[in-house]
Amino acid sequence: MNLQKINSLNRMEKSQQRCPSFLAIDFETANYYRDSACAVGLVLVQNNKIISKESFLIKPPSNWFVFTDLHGITWNDVKDKPTFKELWPTIKKYFRGIDFITAHNAPFDKSVLMKCCERYELQPPNKPFICTMQISRSFWGFEYYRLSDVCDYLKIPLNHHEALSDAVACAKIMIKTIKRGYFDQ
């Protein structure tokens, strides 16, 4: 069999492999404490397509808000919303059947998820996190890798610091990264 035919078969085999299923997540916090989630955006991706997206306002454990100027969320916006514990049965469904979780600056979002679960004695999901900020540096080689910069480079719309918009943008970055061969390395 000639080399051209072998390469063609390899490409066909790769294209028939299952695309990873993942959840893009973004948290907004009320203050410096990682268990102070006041909003979450969740975007479920299968076969490189967004199949579900949802966001929730969350009542944090305290009415102390420091980051309102960043995300626009106030105590009055969330005081009558469910706590993380009350939302957990709905949120945890998004983690079923996925291969990984992705976030832009994943260490932050992972720590918020873990601290919220810890506070309410909930079992956190046991899924690996992939950071699109790190991918922006290492895979794409972008000079600037803030979410807004990466979205500009990749022509992805963004309403920054709105949890659902940030999660959708992160999902789209990951989709473009997968299509560019990230998992083929």
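The values are calculated or read from the model by the stated rules, or taken from the named source; none is laboratory data. Only a predicted model underlies this, so the values are computations on that prediction, with no experimental measurement involved. In this analysis, Cβ positions are derived from the backbone assuming ideal geometry, glycine residues included, and neighbour counts consider all displayed protein chains.
Any idea which residue in the range 99-152 is nearest to Ala163 (Cα to Cα), counting only those that are among the hydroxyl-bearing types (Ser, Thr, Tyr) and assigned to a helix (DSSP H, G or I)?
Within the range 99-152, the match that is nearest to Ala163 (Cα to Cα) is Ser148.
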Quiz prompt | Hits in the range 120-178 - residues which are under 14 Å from the mean Cα position of the chain (by Cα) and on the phi > 0 side of the Ramachandran plot | solution = His161
Quiz item: Given the structure, is Phe56 at pLDDT below 95, surrounded by 15 or more Cβ atoms within 10 Å (Cβ to Cβ) and either in a loop (DSSP other than H, G, I, E, B) or within 20 Å of the chain's Cα centre (by Cα) (or both)?
Solution: no
Practice problem: Please find, within the range 128-140, the residue that is surrounded by the fewest Cβ atoms within 10 Å (Cβ to Cβ) out of those that are in contact with a strand residue (DSSP E or B) (Cβ under 7 Å, 6 or more places away or on another chain) and closer than 23 Å to Cys38 by Cβ. | Solution: Phe129
Exercise. Can you confirm whether the range 155-163 contains a residue that is β-branched (Val, Ile, Thr), in contact with a strand residue (DSSP E or B) (Cβ under 6 Å, 6 or more places away or on another chain), touching a residue at least 12 places away in the same chain (Cβ under 8 Å) and not in a helix (DSSP H, G or I)?
Key: no
Quiz item: Within the range 77-87, is there a residue that is farther than 16 Å from Asp35 by Cα, more than 12 Å from the chain's Cα centre (by Cα) and without any contact (Cβ under 8 Å) to a residue 60 or more places away in the chain?
Solution: yes
Self-check item: So Thr83, is it closer than 17 Å to Asn31 by Cα, of a type in the set (S, T, N, Q) and surrounded by 16 or more Cβ atoms within 10 Å (Cβ to Cβ)
Solution: yes
Quiz prompt | Condition broken by Val112, with the remaining ones in (1) surrounded by 17 or more Cβ atoms within 10 Å (Cβ to Cβ); (2) touching a Phe, Trp or Tyr at 6+ places or on another chain (Cβ under 8 Å); (3) over 21 Å from Phe56 (Cβ atoms); (4) hydrophobic (A, V, I, L, M, F, W, C) satisfied | solution = (3)
Quiz item: Which ones in the range 34-53 are out of contact with any Pro (no Cβ under 8 Å at 6 or more places or on another chain) and assigned to a loop (DSSP other than H, G, I, E, B)?
Solution: Arg34, Asn47, Asn48
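Each row is one residue, and each column tells you yes or no for (1) farther than 20 Å from Phe22 by Cα; (2) touching a helix residue (DSSP H, G or I) at 6+ places or on another chain (Cβ under 7 Å); (3) at pLDDT below 95.
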residue	(1), (2), (3)
Asn105	no, yes, no
Ser111	no, no, no
Lys115	yes, no, no
Phe139	no, yes, yes
Glu143	yes, no, yes
Asp152	yes, no, no
His160	yes, yes, yes
Ala163	no, no, no
Lys176	no, yes, no
Quiz item: Condition test on Ile91, is it under 14 Å from the mean Cα position of the chain (by Cα), surrounded by 14 or more Cβ atoms within 10 Å (Cβ to Cβ) and assigned to a loop (DSSP other than H, G, I, E, B)?
Solution: no
Practice problem: Can you work out which of the residues in the range 94-103 that are within 14 Å of the chain's Cα centre (by Cα) and farther than 16 Å from Ala37 by Cβ is surrounded by the fewest Cβ atoms within 10 Å (Cβ to Cβ)? | Solution: Phe100
